[in-house]
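Participant: Please find one structure pasted underneath; my questions will follow.
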Amino acid sequence: MVGAGGPKTGIPRVVSRPVGSEQDALVGRRPLDPYQAPIARRRAARQWQWWVGAALMLPLAILPFVAFVSLYGDSFPISRIGVASTSAGGLRVVSVVCPSERLRAVRVTKRVPPSEVDRHAARNVTIWSLHGDAPLPASMEVGTAPPGMVELADRVGYLQPDDRISVTVVTSESQYPYQLDFVVRDVPPHGVWSDAGPTASEREFRRDTLRKAPCGDPDRRRQRAGRFVGYWFGFAAVCSVPGIVLVNTARERRRRDS
């Protein structure tokens with residue numbers, strides 16, 4: 001049968017296409033040397049071993065940084081003080097008292113903004129200060145010194161809702177003072193305001209605080225940080241052993257191949 005395109009014989013036509021080195025020559029690629037293929041595979045395996053080994057040794061490399069941040073980033077203990085309102089509209093300092101704990105000093109400051117007369121920057125002004133050695137009371141009203149304490153400053157006056165107050169209490173239980181910063185309007189009419197926020201009652205505040213920092217262990221935060229560093233060191237040691245093996249293996253293979 002003869003068609004428009006010429007005679008059709010029924011036999012498929014074979015088209016020759018370049019393969020192998022001919023195709024590489026057409027696209028401008030250099031043919032792969034059969035002797036270089038094993039070297040390329042070994043190089044890829046060596047690089048994989050080196051990167052995996054370096055990743056496994058990373059926790060050990062950053063161990064000093066983790067230890068410094070955990071142990072010395074925040075050296076102050078968990079605060080055991082809070083503030084509550086009085087029936088007359090004043091403030092009370094509520095403390096979690098441990099056996100034989102003594103009160104050494106109390107300082108209450110107020111943040112004073114710059115005025116028209118004094119154009120200096122805002123500063124903290126002491127409005128109440130105590131010093132002495134007496135049993136730590138569970139609650140003391142700001143402006144009324146407990147027995148055994150000497151009042152050094154008493155300029156409390158009337159506190160505004162927007163006043164920023166800082167309370168510092170020094171006791172015999174911890175080597176660091178307890179400090180609490182707050183705004184007067186944040187103090188609830190019933191309950192206690194502390195670093196953890198408002199609590200419904202003084203009993204709940206003392207229970208939660210003793211759970212976080214029990215008596216005899218006021219610096220529990222640092223001890224928890226020490227345990228975390230120990231766990232991190234164990235994790236880093238376990239990971240670094242196979243990491244060192246992989247890096248040394250990669251170096252040895254590189255030395256042999258060179």
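Participant: Based on this model, can you work out whether residue 150 counts as closer than 18 Å to residue 78 by Cα and among the aliphatic types (A, V, I, L, M)?
Facilitator: Here the answer is no, as residue 150 does not meet what is asked.
Participant: Still on this structure, I have one more. Taking the stretch 168-203, which residues are touching a Gly at 6+ places or on another chain (Cβ under 6 Å), part of a strand (DSSP E or B) and either over 26 Å from residue 102 (Cβ atoms) or not assigned by TED's automatic domain parsing to the domain that holds residue 108 (or both)?
Facilitator: Within the stretch 168-203, 198 is the sole residue that qualifies.
Participant: Same structure again: Could you check the stretch 154-165 and list, in sequence order, the residues that are touching a Leu at 6+ places or on another chain (Cβ under 9 Å) and either surrounded by fewer than 16 Cβ atoms within 10 Å (Cβ to Cβ) or modelled with pLDDT under 90 (or both)?
Facilitator: Listed by number, the residues that qualify are 156, 159.
Participant: Turning to a different aspect of this structure: So residue 109 passes all but one of these: (1) within 20 Å of residue 80 (Cα to Cα); (2) free of Cβ contacts under 8 Å to residues at least 60 places away in the same chain; (3) touching a helix residue (DSSP H, G or I) at 6+ places or on another chain (Cβ under 6 Å). Which condition number does it fail?
Facilitator: (3)
Participant: Do we have any residue at all in the stretch 176-197 that's surrounded by 15 or more Cβ atoms within 10 Å (Cβ to Cβ) and more than 33 Å from the chain's Cα centre (by Cα)?
Facilitator: No, the stretch 176-197 contains no residue that is surrounded by 15 or more Cβ atoms within 10 Å (Cβ to Cβ) and more than 33 Å from the chain's Cα centre (by Cα).
Participant: Looking at (1) in contact with a Leu (Cβ under 9 Å, 6 or more places away or on another chain); (2) at pLDDT below 90, can you tell me which one residue 115 breaks?
Facilitator: Failing condition for residue 115: (1).
Participant: Of the conditions (1) at pLDDT 65 or above; (2) under 30 Å from residue 159 (Cβ atoms), residue 76 clears all except one; give me its number.
Facilitator: Residue 76 satisfies every listed condition except (1).
Participant: Assuming residue 215 fulfils every condition listed in (1) of a type outside the set (Gly, Ala, Ser); (2) over 26 Å from the mean Cα position of the chain (by Cα); (3) in a loop (DSSP other than H, G, I, E, B) apart from one, which condition is it?
Facilitator: Here residue 215 clears every test but (2).
The values are calculated or read from the model by the stated rules, or taken from the named source; none is laboratory data. Source: prediction; values computed, not measured. Cβ atoms come from the backbone with ideal geometry, glycine included; neighbour counts cover every protein chain shown.
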